[in-house]
Every structure is written in C-alpha cells, then in structure tokens.
Amino acid sequence: MVWGYDKENGPANWYKSCPIAFIGKRQSPIDLIDNEVKRDSSLEPLVVSYPPFSKGKFLNNGHSVQFVPDASNNLSELSGGPLAKKYKFEQFHFHWGDKDSEGSEHRVNGKMYSAELHFVHWDCETHASFPETVKANKRNGLCVLGFFLKVGAENAALKPITDMLPKVKKAGSSEPLAIEFDMRSVMPKDLTDYYTYDGSLTTPPLLECVKWIVFKEPLEVSAAQMEAFRAVENGNGEPLVGNYRPPCPVHSRTVAASFK
Ligand code: BO1
Ligand code: ZN
C-alpha cells in the first residue's frame, strides 16, 4: 500500500514499509518543549541568500503542495546558524489540518499551529544534487527550515502561492509560477530565534539526514488563505487535509534554542 495520511496508510502504519519510523532514534517531527531545550547563545543568526524567483512550478503531489524553482533560476542558498556547510534550496511545501487547531508537524510546549511551511535544502559542498544527498543519507545532508502558520492577518508575501492553490486542486496537477515570488519576504525579518536539532524527513522514507531549524515566531495567514489549502484534493479526490505526522520521541537528542 502506498503511504498517505488516511487511517490505513497513515503515520501509525508507515513502519510497515519503513521500519525506521519505529526503530529510528532521530525521527521528526518532535514537540519543542521550552523546559527541555538547551539555550545556546553561541548559535549565530542564519544567513540566507534568496533572490526572488521568476520561474518555477507549483504542484500537487497528492501529499502536499510544493513549489520547485527552475534549475536555471535557482541561486538560493543557506548557511550560518548551526550549519557548518553551505546548502542549496530545493523546494518548499506545506503541511496543514482540517481545522485551525491542528496542522503543524512540530509543536511548541504541546501546542500545534494551523500549518507548517518547509524550505528544503541540501549540502552542496559535499553532494552534487538533492537526490544524491538523499541517497548518501548522511547526518546534516539536508537542512529544512520550518515555519509555523497561524490564522490572523492576510499574508501578502505568501499570496502569490495561495492564489495558485485552486489551480493545483487535483492531485498530479502543476502550474507554472505566474508572478515573481520572494521567499525572503515570507521569513521573519530577523533570523535569530529558532530551535535546531538533528532529525529526519517527516514522510517516507523518513531518512535521518535532516538538520532541522524551526523558527519560534509563527507567520500569519488569513482564514481565506487557510481555506484555500483545505480545498486542495488528495489522489482519491478527497480534501487533502491532516497531512502532518504527529511528534516522535526525542530519545537522547539535544534540542537547542538560539534565544533566551
Ligand atoms: S520534510 O520537509 O521532512 N517534510 C520532507 C519530506 C520528504 C522530502 C523532502 C522534505 N522529500 C522526499 C520526496 C520523496 C522522495 C524522497 C527521497 O524525498 O518527497 O518523493 O522519495 O528522495
Ligand atoms: Zn515537510
């Protein structure tokens, strides 16, 4: 059976084709608990170089909606913070719920946000491409930036993306980027406050090769923007909602916070 988020093929059953779901000691997401994180004031702000994208495609893969820039157009890079290497941007995608009280993958002190945005990057000093990085399956091969979304004011920076959601309603559909999109404008102004820890992909194959950096401050989206996500369909033509994995055990990992 192909993995998904329904009862029969959802996170609780992923271990059947992906035993690391159960036996892994560095699985993601996790609950970020303030009393248990280690404050590390030596953690520097993240350094991003994200020129706006003019070319790329937005697609519905049945599990999420994802933006992938054209290779010729992709100069976006990430370094600094807990990273020892330079990372190249690959794609971003979202996880969300069927109601505002759920949808994020990471939690903060047990609290779920309405959605979570993931910027996926790979170590371009060590590897030649995203697939090769995944194949090598080394710790810190990938770096994913996580942003919580909560319902509030309309998010103008995300509007080019949320406006495209109706065009990728059907699983398998894709749409070229219509207007320029600036990832940097989506992020918080200062990149100082984040949690970081060693974890995994949150979907099969659940590989434990991800340096996670999750920003503390949530982004806001309007109720209408949130509803646009919930109108997207999965491969069975049903609403694609609840495409998040619940938190996993931390085991002996250290979760660091860059802030006090
Ligand atoms: S996430 O940011 O941890 N939610 C995440 C999860 C999976 C991927 C990227 C980020 N990528 C997956 C693709 C699969 C592919 C796999 C290995 O990488 O979604 O289609 O099989 O290449
Ligand atoms: Zn994700």
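Observations
- In plain terms, the bigger the Kirkwood radius, the slower the diffusion; for the chain, with that radius from Cα pairs, at 4 °C and 1.567 mPa s, Stokes-Einstein puts D at 70 µm²/s.
- Given charges at Cβ of Lys, Arg, Asp, Glu: the chain dipole, positive-most of Ser200, Val168, Gly56: Ser200
- Under the combined filter of DSSP loop state and at most 14 neighbouring Cβ atoms within 10 Å, the stretch 1-63 retains these trypsin sites (Lys or Arg not before Pro): Lys7, Lys25, Lys55.
- Set of lysines with alpha-carbon distance to Lys135 below 20 Å, sequence-local pairs under 8 removed: Lys25, Lys85, Lys86, Lys88, Lys211
- Each Lys and Arg contributes +1 and each Asp and Glu -1, all at the Cβ; summed about the Cα centre of the stretch 154-224, the dipole is approximately 260 debye.
- Simple Cβ-charge dipole of the stretch 11-257, Lys/Arg +1 and Asp/Glu -1, about Cα centre, in debye nearest 20: 580 debye
- Available extension along the chain between Lys167 and Val2 is 56.9 nm, counting 0.36 nm per residue and deducting the alpha carbon span.
- Between the residues His127, Pro19, Tyr244, the greatest Cα displacement towards the positive end of the dipole of the stretch 11-257, with unit charges on the Cβ of Lys, Arg, Asp and Glu, is found for Pro19.
- Extension gain for Ser17-Ala157 works out to 46.6 nm (0.36 nm per residue, less the C-alpha to C-alpha distance).
- Charge tally in the Cβ shell below 9 Å around Leu177, where Lys, Arg are +1 and Asp, Glu are -1, Leu177 excluded: -1
- A Förster radius of 45 Å combined with the Cβ-Cβ distance from Lys135 to Ala224 puts the calculated FRET efficiency at roughly 0.65.
- The alpha carbon centroids of the stretch 125-160 and the stretch 1-61 are separated by 9 Å.
- Taking other residues whose beta carbon is less than 15 angstrom from the beta carbon of Asn137, and scoring Lys, Arg as +1 and Asp, Glu as -1, yields +2.
Each reported figure results from applying straightforward, stated rules to the coordinates on display, with no laboratory input. This is a predicted model, so every value here is computed, not measured. A quick note on method: Cβ atoms are made from the backbone with ideal geometry, for glycine too, and the neighbour counts reach across all protein chains shown.
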